[in-house]
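A.B. asks: Handing you a structure now.
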Amino acid sequence: MATVTEAPASRSSTSVTAFDLTVDLFGRMVESGLMPRGRRIFLRDGRLYEKMAKTKAHGYVGAAVNRAVGRRLPDGWDLWPESTIVLDPANAPLPDFAVIRGGSPLDYASPERYPGPGDVGLVIEVAVTSLRDDLTVALESYARALIPVYWVVDVQGRRILVYSEPRTVEERGEYVRSETYRAGESLPLTLDGREAARVPFDEILR
């Protein structure tokens with residue numbers, strides 16, 4: 001779940017113009033230290049948002065995702081935990097995890113180089129209190145950017161939702177295919193359209 005920070009409404013709608021941030025400016029603000037340390041801030045539709053503090057469940061499930069997925073990644077892919085990715089010039093989310101293409105995470109050492117849609121094989125969100133947002137606003141933005149696979153780990157519902165085959169319809173994103181996995185099953189870890197491994201559900205949720 002995220003909270004939005006907006007400037008107070010102006011008394012004169014004719015003398016001022018709203019200023020939306022771009023990813024380029026957002027990145028400069030982050031790298032220059034203008035963002036408060038320790039704050040999980042991201043860019044959505046040109047506005048700054050902040051993620052809420054993690055619950056205990058979010059912490060241990062996130063650690064389980066890190067372990068279960070990270071050790072099954074093939075060469076050329078790395079796990080990118082809670083770090084900025086870029087979807088378009090006005091959107092730079094902070095997903096819980098992304099699986100990023102590259103020989104080394106150091107490939108993204110340049111301040112101007114964030115992973116973009118072509119670099120991302122999978123996005124994973126851990127939902128404890130944020131399920132509604134993860135299944136609506138976040139899902140639409142990832143699909144619109146054509147992120148190939150999107151997992152939502154629904155901690156309260158004891159299920160993992162897997163979305164694939166993104167497309168845009170009238171400039172809105174949607175996933176054509178959705179599957180639900182539960183205890184005792186295994187999830188396909190699909191990268192570049194090919195199954196790289198199977199991830200047991202019980203290594204992520206119990």
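The values are calculated or read from the model by the stated rules, or taken from the named source; none is laboratory data. Bear in mind the structure is a predicted one, so any value in this text is a computation, not a measurement. Methodologically, a virtual Cβ is constructed for each residue, glycine included, from the backbone with ideal geometry; neighbour enumeration extends over all protein chains shown. To get the accessible areas, we keep the full protein, side chains included, count just its heavy atoms, and leave off ligands, DNA and RNA. Shrake-Rupley method; radii C 1.70, N 1.55, O 1.52, S 1.80 Å.
A.B. asks: Could you please state how large a percent of the accessible area of the chain is carbon and sulfur, counting protein chains only and using a 1.4 Å probe?
C.D. replies: C and S fraction of accessible area: 50 percent.
A.B. asks: 5 Å is the cut-off here: which amide hydrogens, built 1.01 Å from N in the peptide plane, fall below it relative to Ser186, excluding neighbours closer than 5 in sequence?
C.D. replies: HN-HN under 5 Å from Ser186: Phe201.
A.B. asks: In whole Hz, what ³J(HN,Hα) sequence does the range 114-129 give by Karplus (6.51, -1.76, 1.60; θ = phi - 60°), x for Gly and Pro?
C.D. replies: So the J values, rounded to whole Hz, are 9, x, x, x, x, 9, 9, x, 7, 10, 10, 10, 9, 10, 10, 10.
A.B. asks: Further question on the same structure: For a quick check of understanding: with a 1.4 angstrom probe and all protein chains in place, what accessible area in square angstrom does Met35 have, to the nearest ten?
C.D. replies: 30 Å²
A.B. asks: If you take every residue apart from Asp107 with its C-beta less than 12 Å away from the C-beta of Asp107, what net charge results, scoring Lys and Arg +1 and Asp and Glu -1? Write out the running numbers ahead of the final one.
C.D. replies: Numbers: positive: Arg101, Arg113; negative: Asp78, Asp119.
Neighbour charge sum, excluding Asp107 itself: 0.
A.B. asks: Hey, can you find the accessible area per residue of the chain for me, probe 1.4 Å, expressed in square angstrom?
C.D. replies: Heavy-atom SASA per residue in the chain reads 56 Å².
A.B. asks: Could you state how much accessible area Leu73 has, in square angstrom rounded to the nearest 10, with a 1.4 Å probe and all protein chains kept in place?
C.D. replies: Looks like 30 Å² after rounding.
A.B. asks: Okay, moving on. Convert each backbone phi in the range 89-104 into a coupling constant with the Karplus relation 6.51 cos²θ - 1.76 cosθ + 1.60 (shift: θ = phi - 60°), then list the ³J(HN,Hα) values in order as whole Hz, x for Gly and Pro.
C.D. replies: Whole-Hz 3J(HN,Hα) from phi for the range 89-104: x, 10, 9, 9, x, 10, x, 4, 8, 9, 9, 10, 6, x, x, 7.
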